[in-house]
Amino acid sequence: QVQLVESGGGLVQPGGSLRLSCATSRNINDFDSMGWYRQAPGSQREFVAQIVRGGTTNESDSVKGRFAISRDHRHNAMYLQMNTVKPEDTARYYCNAKMYGPGGRSDYWGQGTQVTVSS
């Protein structure tokens, strides 16, 4: 059983900073990619940032330059450093992990952590 647990969400003022964490139940080196997604009420879940096995990162245009994704193999954790947050960043943030094998792709999700940026 694969478990992903997010933490670090909360209330933050516009322009402030927050760091989200994703703890995994297994070695993160087992995952081919990991990433963060977010979903606001009444909207679809959207991509935020991704880090692949080789270390290359990708960020959505809306967060590029403000958010940074990273990973820690020693602690089997992934992070999202959120700086200069905006009200439109308000959403529930989900940790995602992907594994590719002969049988196809497997996706794993955490339960999410709420981030609220006050106005």
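The values are calculated or read from the model by the stated rules, or taken from the named source; none is laboratory data. Please read these numbers as outputs of a predicted model, since none were measured by experiment. For neighbour counting, all protein chains shown are included, and Cβ atoms are generated from backbone atoms with ideal geometry for every residue, glycine included. These accessible areas exclude ligands, DNA and RNA; they are computed on the full protein's heavy atoms, side chains included. Shrake-Rupley method; radii C 1.70, N 1.55, O 1.52, S 1.80 Å.
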Hz values of 3J(HN,Hα) by residue in segment 3-13 - Karplus curve (6.51, -1.76, 1.60), Gly and Pro given as x
10, 10, 10, 8, 7, x, x, x, 8, 9, 7
Report TYR37's accessible area, 1.4 Å probe, all protein chains in place, as a number in Å² to the nearest 10.
40 Å²
Using each residue's phi in segment 35-48, evaluate 6.51 cos²θ - 1.76 cosθ + 1.60 at θ = phi - 60° and report the 3J(HN,Hα) Karplus result to the nearest Hz, with x for Gly and Pro.
x, 10, 10, 9, 9, 8, x, x, 10, 7, 5, 10, 6, 10
Putting +1 on Lys and Arg Cβ atoms and -1 on Asp and Glu Cβ atoms, find which of THR84, PHE47, THR57 reaches farthest to the positive end of the dipole of the chain.
THR57
At 1.4 Å probe size, with the rest of the protein present, what percent of the exposed accessible area of the chain is carbon and sulfur atoms?
44 percent
With a cut-off of 8 Å between alpha carbons and a minimum separation of six or more residues, what is the relative contact order of segment 65-114 in percent?
27 percent
Which residues qualify? For ASP32, with a placed amide H closer than 5 Å and at least 5 residues away or on another chain, they are LYS98, MET99, TYR100
For segment 1-99, listing trypsin sites (Lys or Arg not before Pro) in a DSSP loop whose Cβ sees at most 11 other Cβ atoms within 10 Å gives ARG74
Electrostatic dipole magnitude of segment 7-108 [Cβ: Lys, Arg +1; Asp, Glu -1; Cα centre; debye, to 20]:
140 debye
Net charge over other residues, Cβ less than 15 angstrom from the Cβ of THR90 (K, R count +1; D, E count -1):
+2
In order over segment 26-33: 3J(HN,Hα) from phi, Karplus 6.51/-1.76/1.60, θ = phi - 60°, whole Hz, x for each Gly or Pro, gives 9, 4, 5, 5, 6, 8, 6, 7
With r defined as the distance between the Cβ atoms of ALA68 and GLU46 and R0 fixed at 30 Å, what FRET efficiency is calculated, to the nearest 0.05?
0.95
